[in-house]
Amino acid sequence: MSNPLPAPPLGECLNAASPLQSTPPKGERRGGRYFLFCQGDILLTKEGTIPCGDTPPIELKPWEEVTVLKHSPKGGAGRGLLVGLLSHPVTDREDLQMVPLRKTFHILSAEDYQLAGKCAELVYFHQNSKFCGVCGGEMRWQTEISKQCKECGKELWPSLATAIIVRVTRGDEILMVHAHNFRDRHYGLVAGFVETGETLEECVQREVWEETQLRITNIRYFASQPWPYPSGLMVGFTADYLSGEIELQKAELSDGGWYKRDNLPFLPDPSSIAYRLIMDWASHD
Ligand SMILES: [Zn+2]
């Protein structure tokens with residue numbers, strides 16, 4: 001299905017440095033990939049892939065274009081990547097679909113899912129950095145991923161909300177909790193945002209203490225995960241129980257306790273680092 005109004009060539013809307021506009025080396029695939037968002041959803045093809053081609057899959061207004069990234073997937077030719085924020089969801093195209101970003105974990109490749117998350121974070125950054133916090137001047141893109149104030153020159157990069165998540169174990173048991181704000185009945189791990197002036201390890205100890213009144217030891221880094229909901233970084237740790245009896249922080253948690261491998265509660269979504277932490281433990285005796 002073709003667009004009723006063909007979109008202008010990308011080069012007309014983008015600055016001269018646009019990788020989409022440059023002449024591709026001989027043999028390189030022409031065109032770009034389009035990471036287009038609307039109200040927390042991302043536009044995918046009916047087949048569940050990121051739209052790509054010489055022109056956008058739908059007509060884009062100039063103000064719907066957020067930024068352009070250079071991106072060269074492993075082993076593939078470099079193609080420009082246009083990030084956009086649509087004014088309205090696409091609902092009238094049989095060849096396209098809007099999908100909640102979280103669900104694309106199960107649809108896109110791991111690489112594309114992470115890339116889509118990065119693009120979503122840049123859209124969030126764009127929406128929340130229109131004007132300079134120092135002088136109120138207009139912020140304009142300076143690099144692919146940063147802005148600068150037109151008036152006073154202040155530079156601004158997307159800020160990450162950093163949170164820790166920790167798997168606490170005691171013998172053959174794991175500490176799992178259910179928070180009031182969980183959207184389903186799953187149980188997760190103790191987690192919380194890092195505060196200013198705090199190390200990650202201090203945050204791990206503080207969160208475990210605040211949520212359960214337990215003392216822990218042997219805190220070790222596990223892995224990290226970008227969490228683009230809307231702009232976070234989850235840093236995963238493991239730790240051993242040291243002392244104390246569980247006293248749940250009632251304002252935040254509705255339930256929690258020690259669980260064994262053969263008696264685990266409803267688990268978090270596989271897209272989460274909590275799931276990875278739990279499965280990593282469950283798969284080792
Ligand atoms: Zn300024």
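Each residue in the range 118-138 was checked for being within 20 Å of SER87 (Cβ to Cβ), surrounded by 18 or more Cβ atoms within 10 Å (Cβ to Cβ) and within 15 Å of the ligand (Cβ to nearest atom), and 1 pass. Answer yes or no as to whether PHE105 is more than 16 Å from the ligand (Cβ to nearest atom) and among the aromatic types (Phe, Trp, Tyr). Spelling it out, PHE105 is indeed more than 16 Å from the ligand (Cβ to nearest atom) and among the aromatic types (Phe, Trp, Tyr).
Filter the range 245-285 down to the residues that are among the basic types (Lys, Arg) and surrounded by 13 or more Cβ atoms within 10 Å (Cβ to Cβ), then identify the one that is farthest from ARG170 (Cα to Cα).
My answer is ARG276.
Taken residue by residue, the range 167-188 has at least one member that is at positive phi and touching a strand residue (DSSP E or B) at 6+ places or on another chain (Cβ under 9 Å). Highlighted here are the strands (runs of 3 or more DSSP E) found entirely within the range 33-136 that include at least 1 residues which are farther than 23 Å from TYR275 by Cβ, touching an Asp or Glu at 6+ places or on another chain (Cβ under 7 Å) and without any contact (Cβ under 8 Å) to a residue 60 or more places away in the chain: 41-45, 79-85. Here PHE193 fulfils each of the conditions (1) surrounded by 14 or more Cβ atoms within 10 Å (Cβ to Cβ); (2) under 23 Å from PRO270 (Cα atoms) apart from (1).
Residues in the range 144-162 that are in a strand (DSSP E or B) and in contact with an Asp or Glu (Cβ under 9 Å, 6 or more places away or on another chain) were compared, and the one that is nearest to the ligand (Cβ to nearest atom) is CYS149. Against the criterion of being away from the ligand (no atom under 16 Å from the Cβ), assigned to a strand (DSSP E or B) and not charged (D, E, K, R), MET176 qualifies.
Every read-out reported here was derived from the displayed coordinates using simple, explicitly stated rules and does not represent laboratory data. Given the structure is predicted, the values throughout are model-derived calculations rather than measurements. Reconstructed Cβ throughout: ideal geometry from the backbone, glycine too, with neighbour counts over all protein chains shown.
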